[in-house]
Amino acid sequence: MNRSLPPLPGPGGVPPNPSRLSRRALIAIASGLAMGGAGVADVLAHDGVRSVVDVARLPGPTQPQIYSCKAWGARKATGPVSELDKRPSKILIHHTATRNRDNVGQDDLVVLAKAIQKFHMVTEGWIDSGHHFLVNRGGLIAEGRHRSLETLLGGKSFIEGSQCTDYNDVSIGIENEGTYSEVYPPAEQLVGLRSLCAFACLQYGVEPGNLYGHRDFRDTACPGDRLYAMLPALRAQVAQLLGRAADWQASATLTWPLLRIADRGPLVLAAQHLLRAADVPGVPADGAFGRTTADGVFEFQRRHQMELTGMIGGGSWPLLAVPARPGQGGEVDAALQALMARPKVRSFRLPATVSQVTWQRLLGAAG
């Protein structure tokens, strides 16, 4: 049965019209931003097309059209949702890891939102959709967990979700329809995502630099390599929408790298030394992420009661990258030496005590 969604009452934007947007209008690219001087131009590239968009001309943040749970016919939550009497400090970006469909109308949004809610409630056993908002491939936005829209519009509280273990009480989660491990999201979806992020930052006072991917806090590939690589551009564009044209630090947020099977190089070697320092048996120190290293990661995740993914991301790195004093020998020092051997960081002077922030800087520069 076709179901037409009513417009959101009150002020707000209109859903993007997919027929009016060209793929050449893609708002960001994995290679990030061209930032010279005041830094107002985005260099965009997609499918071999390159163009320049003047970000300074983007309109300021307005309330986007968001279809409520009632509008798309969500089932009732099986228990009361928890309203937290504070603002979130982070926004987490996810992808649904579903098929990249071309069906992007209102009826398709209804089908998608219902399917995800059913999966979260029936298979995962959650009381409701785990995320707060969902952006489909046409840029249409739906409320996820009940009352997420109500609290967003209020701007003083938010609903606790089920989208990222240990961070559900400090962040709101935005799902993006599709799988973005090897392909880029369509332009229309990115426009909707950017609009939603800017409005959420405005309502909650979230800094654009606190816009993260799921993998920044868990050992997961979500939101996909392509979408994740576009987050620096998204942060900077959100900062522009909020009128912070000079605040380009928002695009340089420190994060943890993701390592998985078949990866090679100094980051893998450093991780292997750190796993050995954590007394994980059988891990080689050869810089190659093979089956034996993956088994060691599984063992490490079991010990810490984490989701068993065999990947090293934002869940495992903070536990592995322990404070260290350079030059004291041992496996942790060997990990530091593996990173310091790279040309990009040879001039980097290590502090007396290497903290997690220093580890993140070294890992980011040594890739």
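The values are calculated or read from the model by the stated rules, or taken from the named source; none is laboratory data. The shown structure was predicted, so the numbers you read here are calculated from the model rather than taken from an experiment. Note: ideal-geometry Cβ built from the backbone for every residue, glycine included; neighbour counts use all protein chains shown. Accessible surface is based on the protein model in full, side chains and every heavy atom, while ligands, DNA and RNA are left aside. Shrake-Rupley method; radii C 1.70, N 1.55, O 1.52, S 1.80 Å.
List of remarks:
- Chain lengthening between Thr292 and Ala341 when straightened (0.36 nm per residue, less Cα-Cα): 15.2 nm
- D (Stokes-Einstein, µm²/s), Kirkwood Cα radius, the stretch 83-140, 0.692 mPa s at 37 °C: 253 µm²/s
- Computed from phi, the 3J(HN,Hα) profile of the stretch 275-285 under the Karplus parametrisation 6.51, -1.76, 1.60 (θ = phi - 60°) reads 5, 5, 5, 8, 6, 8, x, x, 7, x, 10 Hz, with x in place of Gly and Pro.
- From most to least packed by mean Cβ count within 10 Å, the peptides 88-101, 68-81 give 88-101, 68-81.
- Relative contact order of the stretch 312-367, pairs being alpha-carbon contacts under 8 Å that are 6 or more residues apart, as %: 41 percent
- With a simple spin-label model that places each label point 7 Å from the Cα along the Cα-to-Cβ direction, the separation between Thr123 and Val357 comes to 4.1 nm.
- For the stretch 316-367 and the stretch 63-104, distance of Cα centres in Å: 39 Å
- On the stretch 71-150, 49 percent of the accessible area sits on carbon and sulfur atoms, based on a 1.4 Å probe.
- J(HN,Hα) series, the stretch 104-117, from Karplus relation 6.51 cos²θ - 1.76 cosθ + 1.60, nearest Hz, glycine and proline x: 10, x, 5, 4, 5, 4, 4, 4, 5, 4, 5, 5, 5, 4
- Once backbone amide H atoms are built at 1.01 Å from N, Gly213 has Ile93 as its partners under 5 Å, excluding neighbours fewer than 5 places away on the same chain.
- The stretch 55-136 - percent relative contact order, Cα under 8 Å, separation 6 or more: 36 percent
- FRET E, pair Asp169, Val111, Förster distance 41 Å, beta-carbon r, rounded to 0.05: 0.85
- Once you divide the Cα radius of gyration of the stretch 106-240 by 2.2 N^0.38 Å, the number left is 0.99.
- Packing-based order for 211-221, 319-329, using average beta carbon neighbours within 10 Å, highest first: 211-221, 319-329
- Extension reserve of the Arg325-Thr98 stretch, reckoned as 0.36 nm per residue once the Cα distance is removed: 77.3 nm
- With a simple spin-label model that places each label point 7 Å from the Cα along the Cα-to-Cβ direction, the separation between Ser157 and Ser82 comes to 1.4 nm.
- Kirkwood hydrodynamic radius of the stretch 145-220, from inverse mean 1/r over distinct Cα pairs, in Å: 13.7 Å
- In the context of the full set of protein chains, the stretch 204-293 has a per residue accessible area of 35 Å² (1.4 Å probe).
- The heavy atoms of Arg302 present about 130 square angstrom of accessible area, all protein chains included, probe 1.4 Å.
- Reachable aspartates and glutamates, given that their alpha-carbon falls under 19 Å from the alpha-carbon of Lys114 and they are not under 8 places away in the same chain: Asp102, Glu124, Asp128, Glu143, Glu175, Glu177
- Theoretical FRET efficiency, 1/(1+(r/R0)^6), r = Cβ-Cβ of Arg303 and Ser181, R0 22 Å, to 0.05: 0.20
- Amide H to amide H, with H built 1.01 Å from N, Leu84 comes under 5 Å of Phe158, Ile159, Glu160, counting only residues 5 or more places away or on other chains.
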